[in-house]
1. What pairs can you find where one residue is in region 196-221 and more than 13 Å from Arg237 (Cα to Cα), the other is open to solvent by 60 Å² or more (accessible area, probe 1.4 Å), and their Cβ atoms are less than 7 Å apart, with a gap of 6+ or different chains?
2. Anything in region 145-169 that is of a type in the set (D, E, K, R), surrounded by 14 or more Cβ atoms within 10 Å (Cβ to Cβ) and within 17 Å of Ala127 (Cα to Cα)? List them, or say none.
3. Can you give me the ranges of the strands (runs of 3 or more DSSP E) entirely in region 1-112 with at least 3 residues that are open to solvent by less than 70 Å² (accessible area, probe 1.4 Å) and modelled with pLDDT of 85 or more?
4. Say whether the condition of being at pLDDT below 65, more than 21 Å from Leu48 (Cβ to Cβ) and acidic (Asp, Glu) is met by at least one residue in region 141-156.
5. Consider Leu173 against the criteria (1) modelled with pLDDT under 80; (2) touching a helix residue (DSSP H, G or I) at 6+ places or on another chain (Cβ under 9 Å): it satisfies all of them except one. Which criterion is unmet?
6. Quick check: anything in region 188-207 more than 29 Å from Pro60 (Cα to Cα), in contact with a helix residue (DSSP H, G or I) (Cβ under 8 Å, 6 or more places away or on another chain) and not β-branched (Val, Ile, Thr)?
7. Of Glu176, Glu228, which residue is in contact with a Ser or Thr (Cβ under 9 Å, 6 or more places away or on another chain) and surrounded by 12 or more Cβ atoms within 10 Å (Cβ to Cβ)?
8. Go through Leu239, Leu213 for me and flag whichever is surrounded by 10 or more Cβ atoms within 10 Å (Cβ to Cβ), in a helix (DSSP H, G or I) and in contact with a helix residue (DSSP H, G or I) (Cβ under 6 Å, 6 or more places away or on another chain).
Amino acid sequence: QLRVDGEMLTLGSVVDVSKRRATEEMLERGVEERTREIERRRRVADSLRDVLDILNSNRPLQEILDHITMQASHLLGAEASAIYQLEDDEQPLQILASHGLSPEEMGRAADMAGGFVVETAYDADGAYRAQLAVPLATRNDIFGGLMLYYRQPRRFTAEEIELAVTFGEQAKLAIENARLRAQSAQMAVAAERNRIARDLHDSVTQTLFSASLIAEVLPRLWEKDHDESVRRLAELRLLTRGAL
């Protein structure tokens, strides 16, 4: 306050802080979004590491695929997911694992188009309105697919598609590893059978050789020692039975 010519005057100023406040709010939103993004990336990294750990374990294929479909649904925000395997003309698709699909949805027929799966799945309110499909392919052909289902229409970012492809690659690795283990087990069984066959062959050969020696001397032995011949005949009978 100032006194001018005997009168009191009040001086003041007004500062417009709305622009500064807007800037601060924008920065706060940026920090929050960045924090959420860091947390999301951390969850993705943890999930992929968990899947790699389970891939390198000796757990059954079914358990590994169930884990992959669950993680894919959670990280990609899908209401449901499934891993399919192509079969033959009579049964074109087989569900290897799923998460969030009801038995009715799992039992619905799927169609084939363009060498890949086009699935029409339904929830209680109607059809899923968005789907993300990742083919599971070897060098020569497509043997299945990973499907993610959404109840609301949506578009997918390049990062979401890349993450879905990563889960698809993990599912493919799990299936291929299971096949290799099965082939290794079959080869081990075949090798063991071959070893047993060789051992049996050697044993039978030795038994028949012994039996042939006894058979050669029996005629002469019969004339000299009847009792010994009878004993040798009993031995010959046991040898031939054992060889058989």
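The values are calculated or read from the model by the stated rules, or taken from the named source; none is laboratory data. On a predicted model such as this, the values are computed, not experimentally measured, just so you know. Cβ: placed from backbone, ideal geometry, glycine included. Neighbour counts: every protein chain shown. Accessible surface is based on the protein model in full, side chains and every heavy atom, while ligands, DNA and RNA are left aside. Shrake-Rupley method; radii C 1.70, N 1.55, O 1.52, S 1.80 Å.
1. Leu221/Arg232
2. Selection gives Arg151 alone.
3. Because the criterion is at least 3 residues that are open to solvent by less than 70 Å² (accessible area, probe 1.4 Å) and modelled with pLDDT of 85 or more, the strands (runs of 3 or more DSSP E) in region 1-112 that meet it are 80-86, 93-99.
4. No, there is no match, as no residue in region 141-156 is at pLDDT below 65, more than 21 Å from Leu48 (Cβ to Cβ) and acidic (Asp, Glu).
5. Among (1) modelled with pLDDT under 80; (2) touching a helix residue (DSSP H, G or I) at 6+ places or on another chain (Cβ under 9 Å), the lone unmet condition for Leu173 is (1).
6. Taking every residue of region 188-207 in turn, none turns out to be more than 29 Å from Pro60 (Cα to Cα), in contact with a helix residue (DSSP H, G or I) (Cβ under 8 Å, 6 or more places away or on another chain) and not β-branched (Val, Ile, Thr).
7. Glu176
8. Exactly one residue qualifies, and that residue is Leu239.
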